[in-house]
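What follows is one structure encoded as C-alpha cells, with my remarks underneath.
The values are calculated or read from the model by the stated rules, or taken from the named source; none is laboratory data. Note that the structure is predicted; figures quoted are calculated from it, not measured. Using ideal geometry, Cβ is built from the backbone for each residue, glycine included, and neighbour counts are taken over all protein chains shown. Surface accessibility is based on the protein's heavy atoms, side chains included, excluding ligands, DNA and RNA. Shrake-Rupley method; radii C 1.70, N 1.55, O 1.52, S 1.80 Å.
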Amino acid sequence: QCRMGDNTTELNTVMNFCCETGERLLKTEAKGVSRTAQQRGDVTFLTQTMSRVQDRSVLDCFALYLGEKASKNNTQECYPADRFGRTHPHFLYEVTTEQIYALNRNNESKQPDSKSGFLEQEVLDALKKHEPSMLQFEIYNEVILRDNSRLRASPNFASAGPWYDYANVSWEKAANGVIETYLLPAKCLSFFRKVCKQTGNEEILALIHSVDPSSKGKIAGHIDTLLTCNYRMEFDSKSRPVTHVVPVASIDSAIRCFSHIPSKRLFDPNPSGIICLLPRNHWAYMWMALNDALKETNSEHMIKQRKGKLNSLCSNLL
C-alpha cells in the first residue's frame, strides 16, 4: 500500500489513476492472443502465438499510417465541443399557444403521451421566466459533452421512467477583487437551443435546479466524508424550486447523487437533501492524503510508542 503511494508521487499526477491497467493489458494483449493457439507442444504453441502477434503488429502499423494520412488530408471528422443527443428535439413548446408536441427521430409531432412522458409545468414556467423573449422552445432530453459523456433530463427515458442526471456546474464569484471558480452539484431539468438574433450564433443551454451552497455539511443526521458531501436542494421561501439557465459549456461533468429520502416528485422540498459522490479524479487525491497519514502514523517514532504495532488502512488515521 505504501509502495503504491510512493509510485504515484513519483509520477507527479494521480488523475484517473488505476492499478488495474497492468493486469488488464496482460489479459488482452498476452493471454488474449495466445488463447487461440493450439496446445500441441511448445514449438507449435509459440509459433502460432508469434504469428498472431506479428499479424496484430502489422494491422496496428497500418492503422497508424491511415490515421496520419487522414490527418494530413484534413479528412478527420470534427465534432463540436457540446452537442445534442439527436438531430431533432424531443419536445416542441409553443409559448403563445401553450401547446406542447412530442417529436420522434423523424421530426414527426404528436401529443405527449405515456411513452414520451410529460414535461412538468414547473419546468415550462421556469423556461418562460428565464427566457421571456423566446416564443418557441426546442427541448432535448439528452446532450453529449465535450468528453463524449452524456447527460439526460428525460420525463420517460426508454419507457422506463424519469431520468434526470446531476452535474457539476462551474460558477464564478469575486473575492477580494479576484474571480474564483467553484463547482456546485445541480439537477438537469431540460436542454434547449438558443440562437442569438444579433450574431446568429447558436448556443446550447441547460435548465438546472442547483443545490443550496450554504447547506453543505449542515444536513441533520448526515456527515460529510472524504468522498461524499451532503447538500439541500435550493427552494425559496414559498417552497418553489430556484432554477437557473446556464450554458452547457459551463457543465464540468456528470456527478452521481442520491436523495436521502426517495421521492417520485421532480421537485420535493420535504426530503432532507441529497448525498453526492465526488468524481473519480478526486479519489486518487484522497488516497494520497490517506497514504500520507498512513506513513506518518507508521513512522519509526510512532511505532516505538505503540511497541512495534503497525496501523492499517482500517484504523482511524485522519
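This table checks each residue for (1) within 27 Å of ILE144 (Cβ to Cβ); (2) aromatic (Phe, Trp, Tyr); (3) buried (at least 19 other Cβ atoms within 10 Å of the Cβ).
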site: GLU202; (1), (2), (3): yes, no, no
site: HIS209; (1), (2), (3): yes, no, yes
site: SER214; (1), (2), (3): no, no, no
site: LYS218; (1), (2), (3): no, no, no
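Within the stretch 263-282, can one find any residue that is open to solvent by less than 60 Å² (accessible area, probe 1.4 Å), modelled with pLDDT of 80 or more and in contact with a Gly (Cβ under 9 Å, 6 or more places away or on another chain)?
No, the conditions are met nowhere in the stretch 263-282.
Residues being crowded, with 18+ Cβ neighbours inside 10 Å, farther than 19 Å from PHE157 by Cα and not small (Gly, Ala, Ser): count how many of those fall in the stretch 108-140.
Of the residues in the stretch 108-140, 2 are crowded, with 18+ Cβ neighbours inside 10 Å, farther than 19 Å from PHE157 by Cα and not small (Gly, Ala, Ser).
Answer yes or no as to whether ASP147 is under 27 Å from PRO279 (Cα atoms) and touching a helix residue (DSSP H, G or I) at 6+ places or on another chain (Cβ under 9 Å).
No; evaluated as a whole, the condition is false for this residue.
TYR101 versus (1) open to solvent by 50 Å² or more (accessible area, probe 1.4 Å); (2) out of contact with any Ser or Thr (no Cβ under 7 Å at 6 or more places or on another chain): which is the lone unmet condition?
Only one criterion is unmet by TYR101, namely (2).
Criterion first (open to solvent by less than 20 Å² (accessible area, probe 1.4 Å) and modelled with pLDDT under 95) does ILE223 satisfy it?
The answer is no for ILE223.
Could you give me the residue pairs with C-beta distances under 6 Å whose first residue belongs to the stretch 213-233 and is farther than 11 Å from CYS276 by Cα, whose second residue is open to solvent by 80 Å² or more (accessible area, probe 1.4 Å) and in a loop (DSSP other than H, G, I, E, B) wherever it lies, and which are 6+ apart or on separate chains?
Listed pairs, sorted by first residue: SER215/ARG232.
Just to be sure I understand the filter: pairs with C-beta atoms under 8 Å, separated by 6 or more residues or on different chains, first member in the stretch 289-318 and within 19 Å of THR225 (Cβ to Cβ) and at pLDDT 65 or above, second member among the β-branched types (Val, Ile, Thr) and in a helix (DSSP H, G or I). Which pairs pass?
Short answer, once both residue conditions are applied: ASN291/THR8.
Can you tell me how many residues within the stretch 141-164 are at pLDDT below 95, acidic (Asp, Glu) and open to solvent by less than 50 Å² (accessible area, probe 1.4 Å)?
0
Could you tell me whether the stretch 165-186 includes any residue that is modelled with pLDDT under 90 and over 27 Å from LYS216 (Cβ atoms)?
Within the stretch 165-186, none of the residues are modelled with pLDDT under 90 and over 27 Å from LYS216 (Cβ atoms).
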